[in-house]
Structures are given as structure tokens and as C-alpha cells.
1. Of all residues being surrounded by 12 or more Cβ atoms within 10 Å (Cβ to Cβ) and without any contact (Cβ under 8 Å) to a residue 24 or more places away in the chain in region 19-28, which is farthest from His236 (Cα to Cα)? Just the residue, please.
2. So Ile262 fits all but one of (1) part of a helix (DSSP H, G or I); (2) surrounded by fewer than 22 Cβ atoms within 10 Å (Cβ to Cβ); what number is the exception?
3. Can you tell me which residue within region 228-250, out of those that are hydrophobic (A, V, I, L, M, F, W, C) and more than 16 Å from the chain's Cα centre (by Cα), is modelled with the lowest pLDDT?
4. Consider only pairs whose beta carbons are under 9 Å apart and that are at least six residues apart or on different chains; among these, list those whose first residue lies in region 156-184 and is closer than 25 Å to Pro250 by Cα and part of a loop (DSSP other than H, G, I, E, B) and whose second residue is of a type in the set (Asp, Glu) and at pLDDT 90 or above.
5. In the list Gly60, Gly88, which residue meets the criterion of being within 19 Å of Phe119 (Cβ to Cβ) and not assigned by TED's automatic domain parsing to the domain that holds His231?
6. Report whether or not Leu55 is hydrophobic (A, V, I, L, M, F, W, C) and over 19 Å from Ile251 (Cβ atoms).
7. Considering only residues that are closer than 16 Å to Thr185 by Cα and among the aliphatic types (A, V, I, L, M), which ones fall in region 107-146?
Amino acid sequence: MVRILSAFVILGLVIGLVLAGIYGVYALVLMLGGFALYEYHGLSDKMGSRAPAWLLYPLGAFFAFSGTVLKEVDVTLVLALALVGGLGAFLFLPGRRQGLSRWAMGLAGALYIGMPFNFYLLLYTSKPNGLVWTLFTIFAVVVSDAAALLVGSRIGRHPFFANISPKKTLEGAIAGVLGAVIVMTIGVSAVLGISPLHAIVLGFLVGASALVGDLVESQMKRLADVKDSSHLIPGHGGVLDRIDSILFPPILVYFYVTVFHIL
């Protein structure tokens with residue numbers, strides 16, 4: 001019951017902020033991104049190299065808004081400052097022996113969490129069908145996760161990356177990708193009138209990247225020797241546990257629809 005109630009509260013909050021318009025979406029990105037960075041910060045400590053907060057949070061926020069609110073800021077300049085300033089600072093701070101690994105962990109976390117939100121915002125603000133593409137991308141991931149869980153738990157027999165996530169099966173992974181293909185094929189073709197071939201390819205990209213995102217977070221938790229990224233959401237674990245699958249798909253969807261001019 002706690003898990004169900006938490007899910008309804010989160011869903012209501014997300015829908016409300018999305019319907020509020022662009023500023024509601026910005027607030028949603030700040031909230032989800034901030035919690036995700038907070039959880040990553042804790043995981044990095046357990047993985048052996050604590051990401052410096054002064055590098056992780058500002059850089060993560062910059063990456064999240066680099067294509068929209070902060071699009072006038074030179075990304076190359078920011079990365080150069082993060083490289084030179086970050087590494088330079090570790091020469092004079094305590095614990096210099098771990099300086100390089102801590103810097104790398106901070107930069108990796110900022111990219112891992114910040115850039116996907118950037119591409120969601122780019123997709124959402126694209127004309128004329130950005131909102132539709134964003135919603136179908138997320139919906140395809142949700143269906144993919146549900147299909148993978150259902151099929152994997154019922155008929156799954158062959159392990160899939162068992163050293164990272166022992167409960168995952170090959171049958172569940174295939175079902176997850178097929179679920180995303182079905183959603184994108186029906187949704188995108190029916191609503192936007194896009195060629196079914198494009199929809200099938202996009203469904204495969206979404207399903208496969210969602211699976212990779214899930215495995216990446218599972219590997220981090222395994223390295224940190226924890227079951228959940230945090231206990232922020234009653235009955236669900238952490239924010240990263242809930243959004244791991246949706247982090248990578250918008251990157252592929254955005255590049256695909258822009259390259260083939262089907263936005």
C-alpha cells in the first residue's frame with residue numbers, strides 16, 4: 001500500500017508540473033536532478049571515491065540546462081574550467097592521493113545525470129511536437145520496464161548480465177525492447193503520422209537504452225554494496241532507482257528525430 005500511494009503521489013506531482021508549462025518542467029528537472037545528484041554523491045562515497053559536491057552539483061545543473069536556459073554559455077569553456085580548475089584544486093586540498101579519481105567521479109556523475117535532463121528539455125521545447133515525443137519516450141520506457149518485469153518473472157529462464165543484476169533474464173530483456181517498439185510504433189505512427197519504420201527503429205533504441213540505463217545503475221549499487229540508491233521514496237527506494245531507465249533514451253530519440261527531420 002505504501003508503494004502504491006507513493007507512486008500515485010509522484011505521478012500526480014509530475015503530471016501537475018508538466019501541465020504547468022515550461023517553468024513547471026524546469027522545476028521538475030531541478031527537483032529530480034537534485035535528488036539524483038544527491039543519491040549519486042552518496043553512492044560515489046561507497047564506491048571508493050567521493051565525488052566533490054562543489055564540482056558535482058554546479059556542473060550537473062549546468063549540463064541539465066546547457067541547451068535551454070544556459071544555451072548562451074560556452075560548454076567548451078565550462079568543461080575547460082572543470083578540467084583545469086578541478087584538477088588544480090586537488091593539488092592543494094587534503095587527500096590529494098585520491099584527487100584524480102574524485103574529480104573523475106564528480107565529472108562522470110554530472111554528465112550521467114545532467115545531460116539526459118538536458119536532452120529531455122531539448123526534446124520538450126522542440127517544435128512542433130516536442131511534448132508528444134517526450135511523453136511517448138517516457139511511456140515507452142515505462143511499458144518496457146513493466147514488460148521486462150512481467151515476462152522475466154514469469155517465464156524468464158536465461159540469465160542476462162547476472163553478475164550485475166542476478167534477477168534479470170534474457171527473456172525479460174527481449175520483452176522490454178519489444179514493449180518499447182510496440183508503444184513507439186502504435187503511438188508515434190498513429191499520433192504523429194511518422195513512418196512505421198522510423199517508429200520501430202526508435203522503439204528499439206528506446207528499449208535498448210532503457211535496459212542499459214538500468215544495468216548501469218545496478219552496477220553502481222553493486223559496487224557500492226547497497227540495495228537502493230537511497231530511501232527517499234517510501235516503498236520504492238531512491239529517485240535514481242526510479243529514473244535509471246529513462247536517462248539514456250531521450251539522447252537517442254532527440255538525435256534520431258533531428259537527423260531524420262521527423263520532429
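The values are calculated or read from the model by the stated rules, or taken from the named source; none is laboratory data. Everything numeric here is computed off the predicted structure, so don't read it as measured data. Backbone-built Cβ (ideal geometry, glycine too); neighbour counts: all protein chains shown.
1. Among them, the one singled out is Ala20.
2. Among (1) part of a helix (DSSP H, G or I); (2) surrounded by fewer than 22 Cβ atoms within 10 Å (Cβ to Cβ), Ile262 violates only (1).
3. Ile233
4. From residues that are closer than 25 Å to Pro250 by Cα and part of a loop (DSSP other than H, G, I, E, B), the pairs are Phe160/Glu171; Ser165/Asp214; Lys168/Asp214.
5. Gly60
6. Yes: the conditions hold for Leu55.
7. Correct list: Val132, Leu135, Ile138, Ala140, Val141, Val142, Val143.
Residue-by-condition table, conditions (1) within 20 Å of Tyr38 (Cα to Cα); (2) surrounded by 18 or more Cβ atoms within 10 Å (Cβ to Cβ); (3) under 13 Å from the mean Cα position of the chain (by Cα):
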| position | (1), (2), (3) |
| --- | --- |
| Thr185 | no, yes, no |
| Val188 | no, yes, no |
| Pro196 | no, no, no |
| Phe204 | no, no, no |
| Ala210 | no, yes, yes |
| Gln219 | yes, no, no |
